[in-house]
1. Kindly indicate which of Val324, Val307 is within 21 Å of the chain's Cα centre (by Cα) and either at pLDDT below 95 or surrounded by 12 or more Cβ atoms within 10 Å (Cβ to Cβ) (or both).
2. Just give me the residues in the range 273-304 being crowded, with 21+ Cβ neighbours inside 10 Å and over 18 Å from Ser260 (Cα atoms), in sequence order.
3. Test Leu230 against the stated conditions and say whether it is under 23 Å from Phe12 (Cβ atoms) and either at pLDDT 95 or above or within 17 Å of the chain's Cα centre (by Cα) (or both).
4. Go through (1) assigned to a loop (DSSP other than H, G, I, E, B); (2) surrounded by fewer than 24 Cβ atoms within 10 Å (Cβ to Cβ); (3) at negative phi for Leu162 and report which single condition fails.
5. Restricting attention to the range 122-148, which residues are in a loop (DSSP other than H, G, I, E, B) and within 17 Å of Thr85 (Cα to Cα)?
6. Tell me, which helices (runs of 4 or more DSSP H) wholly within the range 178-281 include 2 or more residues that are under 27 Å from Ile102 (Cβ atoms) and β-branched (Val, Ile, Thr)?
7. Filter the range 174-203 for residues that are within 18 Å of Gly54 (Cβ to Cβ) and out of contact with any Cys (no Cβ under 9 Å at 6 or more places or on another chain) and give the result.
8. Assess whether Lys270 counts as being surrounded by fewer than 21 Cβ atoms within 10 Å (Cβ to Cβ) and either within 24 Å of Leu221 (Cα to Cα) or polar (S, T, N, Q) (or both).
Amino acid sequence: MTVSGFQYLALFFLSILVCGALTPLMKKLAIKFAIMDRPNQDHKTHVQPIPYLGGLAIIGAVWAVVWLGSFAIKLDDRTFQMVFTILLPATIMGLVGLWDDIKNLRPLPRFLAQTAGGAFTAGFIVSTNTVGSPTGNDIFDFIISVAWIVGITNAINFFDNLDGGAAGTVAISSLGLTLLSATSNQFYLASLSAVLSGATFGFLFWNRNPARIYMGDAGALFLGMLISSLLVRFEPNPINPYTSFAIPILILAVPILDTSVAVISRIARKKSPFEGGQDHLSHRLLRRGLGRKQVAVILWLITILFVSYAFILSSIPFTLEGQVLLISIMTWIVLFFWFFRQDHEVEIKNLN
């Protein structure tokens, strides 16, 4: 299987168009059936109810473009099976999220569904020997893969707390994965990542501030499951195993940073990590007096920085990998402590 640069661009822009067209339809459907995100909890910062179902537009766009693209690229049976086993668990997870949007599930059933989806995906990846950075032990590979998939799925869900924040970050991260995969001839990963990036950019047109629709848990859980599964299969270029493991983490460094700051802050305050709160990166930046648009752009720029680190690590000589890896780790640590030190008890100002 080979994919040309023109085909990648076609998949990317077609995904933008399809998701951009589906999203307003999902908005109308959400309004008709009163599927809304209402500001009825303390951690909500919007004032008026916002329609959900944006996640369905993303899921529909990804499936539609993958289906159309399979005819143009002519997937072989093995590649089609790999694509199917990545998309199916992510879609099921998205449907669980949709149920959560409508019925407000408790954390345990949602966690069990994530674990089951992660176990299925990890089991298939390990059994087919398609782990991008294997440890050499199938049991360890399975455990690490499940932990990664479940952790990232939750991280993206937690991170979806600002107009355009999560959508823009996932769009940038998946675009970075597209370029990294394409340059290392991992064609089906690059193709799926191009579709994912295009779909999230298409949704971002409607989700940027002021957001006209939210992706909801349906979108966040789908995106988290899909991009984490793609990164498990991604095989980095560096020979150094530490660098190889670091590259996927760097691509999603911002959602990981957000979850780390929020969870550790809650534990320090003796609150449940699963309890919603205004202690995410976006909330802390808003308390600094920044506007919503400014905060979203800052989060996108930080994402670009860490994706750039991943690109550098994938292309520099072996002798320089350690220095760049250390710089990227120190950048993440500095950002963690800066965000963590922000006073999360101060009343949010300048939300508009």
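The values are calculated or read from the model by the stated rules, or taken from the named source; none is laboratory data. Since the structure is predicted, the reported quantities are computational estimates derived from the model, not experimental observations. Neighbour counts run over all protein chains shown; Cβ positions are idealised from the backbone, glycine included.
1. Going through Val324, Val307 in turn, just one is within 21 Å of the chain's Cα centre (by Cα) and either at pLDDT below 95 or surrounded by 12 or more Cβ atoms within 10 Å (Cβ to Cβ) (or both): Val307.
2. Leu286, Arg292, Val295, Ala296
3. Values: under 23 Å from Phe12 (Cβ atoms): yes; either at pLDDT 95 or above or within 17 Å of the chain's Cα centre (by Cα) (or both): yes.
In short, yes.
4. (2)
5. Thr128, Asn129, Thr130, Val131, Gly132
6. Qualifying helices (runs of 4 or more DSSP H): 187-207, 253-268.
7. Step one: of the range 174-203, the residues within 18 Å of Gly54 (Cβ to Cβ) are 174, 195-203.
If the condition is that a residue be within 18 Å of Gly54 (Cβ to Cβ) and out of contact with any Cys (no Cβ under 9 Å at 6 or more places or on another chain), then Ser174, Val195, Leu196, Ser197 are the ones that fit.
8. Working: surrounded by fewer than 21 Cβ atoms within 10 Å (Cβ to Cβ): yes; either within 24 Å of Leu221 (Cα to Cα) or polar (S, T, N, Q) (or both): no.
In short, no.
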